[in-house]
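Report on the structure given below.
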Amino acid sequence: MPTMTLESPTELLHYQLRTALTMEDHSLAALGELAKAAKSADIKKMFTHHAEETREQIANLHEVFTILDLRDTTAPSPSTTGIARQAESLIAKAGPKLRDQVVLTCALGNEHYEISAYEGLIIPLETMGVPDAVKLLRANLDQETHTSEELRTMLEKVVG
């Protein structure tokens, strides 16, 4: 497999945007699987709602590509691939009584990764002076942060 060498901040940013798009595609697929695995109707509803937000986030990413005049393609996201594999493994091992705790824990880990990915994109775009792109990515970050808080609250109820 050929190795890509990123030579400029713009190349790095483009690559990170491409992996963010893959990240959100992976997240959308995972949310469906997590909703199926969950036992609680409230947790299923939360995952369905976040899937709707994820579709908005994907649209926002496409808009950022347009603003920056970059090709909106995906790039591999080994991190989210690993997060998805870990979730599959834990769900397969969890008995019915632990299923809700497992899906919430897996989703929380994914949200934290997404939060860090968006923060890593926003900072250079702020420096570059691209407020329209920053606004869209900050909207995604705000949704991810809110979802993380919801997941944490729900997890506290499930284990408490």
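Laboratory data are not the source of any read-out in this text; all were calculated from the coordinates shown. No experiment lies behind these values; they were computed from the predicted model shown. Cβ sites come from the backbone with ideal geometry, for glycine too, and all protein chains shown count toward neighbours.
If packing is taken as the average number of other Cβ atoms within 10 Å across a peptide's residues, how do 144-156, 16-28, 64-76 rank, most packed first?
Highest-to-lowest ranking by the protection proxy: 16-28, 144-156, 64-76.
Here the alpha carbons of region 1-61 define both size measures, Rg and Dmax, at 15.7, 48 Å. Give, to the nearest whole percent, the P(r) tail of region 21-98 beyond 18 angstrom, counting all Cα pairs. In whole percent, the share of Cα-Cα pairs in region 21-98 beyond 18 Å is 51. Taking label points 7 Å from Cα along the Cα-to-Cβ direction, THR145 and SER89 give a separation of 3.2 nm. For the listed peptides 38-44, 94-100, a ranking on the average number of other beta carbons within 10 Å per residue, highest first, reads 38-44, 94-100. On a per residue basis, the convex hull of the C-alpha atoms belonging to region 101-160 measures out at 53 Å³.
As a calculated quantity, the FRET efficiency between LYS45 and MET4 at R0 = 35 Å, using C-beta atoms, amounts to about 0.30. Computing volume of the Cα convex hull per residue in Å³ directly from the structure and comparing it against (1) 90; (2) 104; (3) 235 singles out (2).
Taking every lysine pair in the chain that is 8 or more places apart or spans two chains, those with Cα atoms closer than 27 Å amount to 16.
What FRET efficiency comes out for the pair MET128/GLU56, r = Cβ-Cβ distance, R0 = 35 Å, nearest 0.05? About 0.90, to the nearest 0.05.
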